[in-house]
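Take a look at the structure set out below.
The values are calculated or read from the model by the stated rules, or taken from the named source; none is laboratory data. Because the structure is predicted, anything quoted here is derived from the model rather than measured. Cβ sites come from the backbone with ideal geometry, for glycine too, and all protein chains shown count toward neighbours.
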Amino acid sequence: MPKPINQSRSGAPVLDPSAIKALAVDLDGTSLLPDNSMGERTVRCLRRLISGGIQVILCTGRAIEASRRYYDAAGAEGPMVFFNGAEVAEVPKVALISSNLMGLDVVDFGIDLARSMDAHFQIFLPPGGGAVGGESGWDRLLIDRPRPEAEMYRGHTGITPEVCDLKKAIAAPGVTGCVKAMFIAESALLEEIRQKMTGRFGGGIYTARSFPTFLEIMNAGVSKGEGLKTVMKLRGLKPEELIAFGDEENDLPMFAAAGFSAAPSSAKEKVRQAADFVFGPNAEEGLAAFLEELFSIRYPPNQGLSPPNRCP
């Protein structure tokens, strides 16, 4: 396996591994392999760190349901950040702690825009009206009609969408807001859509590119940074006790909330420039290599892994 790059930018703060109590870890493009699995080395590394008292906090744009296989594989528990911060929830027994729902007028405009531009559009609605403080079910993923993009997303996340009239869905009794809306299309079309959405709603919405073909729309004030701040307060963590790991523009607010930040060499250039440290690419499990070196992790010869060896 390749050694981590461990390049630090000029003026980066001095990192004392013994002072670190938690890791805020993005999934896609950072801790996952290109096939969306969590590699054996990464699973082993995260488990070792957790057993040694380091808290692992997933901070992802994914839904709670689409993240379950990863936090289960690593054995990570407690409050975590989902939907780019639109939801903070306790896992593995799912209890919604906080949510920031987007207005249905934004969703209505998005539906019209997608239909006029022949673009795939999907929305997540919270279960039970989005009440916090109790055990909750999975958020509902809704689409207007089956399209190849929906099948791609199902393969990417494991979530099967409900097909329905989105206009009727958001007008149903008890629906008060939307967790997240998403357009899936080629990059040029997504930028055109982003301009139309921000031109209509301005600072009333938050947009993020979490994947090359994904444009996510959430309520103003939503970000991984705000979600992470909530989690840090719940866990009693100070910024200087935490390292944030990410690769996309939606990870930058998380970098700002943490005391230290790190990105894979495969990350967007803007993200690499913002990170305190750069490590090997996600395709080569660079995160695990970086953490093993940082925390001086050594494994006994022929040490096996508890199942599952690889998170699919």
Pro126 passes all but one of (1) surrounded by 14 or more Cβ atoms within 10 Å (Cβ to Cβ); (2) of a type outside the set (Asp, Glu); (3) out of contact with any Lys or Arg (no Cβ under 9 Å at 6 or more places or on another chain); (4) modelled with pLDDT under 95; which number fails?
-> (3)
Criterion: at pLDDT below 95, within 30 Å of Lys168 (Cα to Cα) and buried (at least 19 other Cβ atoms within 10 Å of the Cβ) - qualifying residue of Ala131, Ala63, Ala95, Ala114 | Ala63
Of all the residues that make up segment 33-54, how many are buried (at least 23 other Cβ atoms within 10 Å of the Cβ) and either in the same structural domain as Cys178 (by TED's automatic domain parsing) or not aliphatic (A, V, I, L, M) (or both)?
-> 2
Output for Cβ contacts, cut-off 8 Å, separation at least six or different chains, first residue outside the structural domain of Val175 (by TED's automatic domain parsing) in segment 91-114, second assigned to a loop (DSSP other than H, G, I, E, B) and acidic (Asp, Glu), reads Val91/Glu77; Pro92/Glu77
Got a number for residues in segment 268-280 being surrounded by 18 or more Cβ atoms within 10 Å (Cβ to Cβ) and modelled with pLDDT of 95 or more?
-> 9
Within segment 134-153, restricting to residues that are modelled with pLDDT of 90 or more and exposed (fewer than 14 other Cβ atoms within 10 Å of the Cβ), the one that is nearest to the chain's Cα centre (by Cα) is Met152
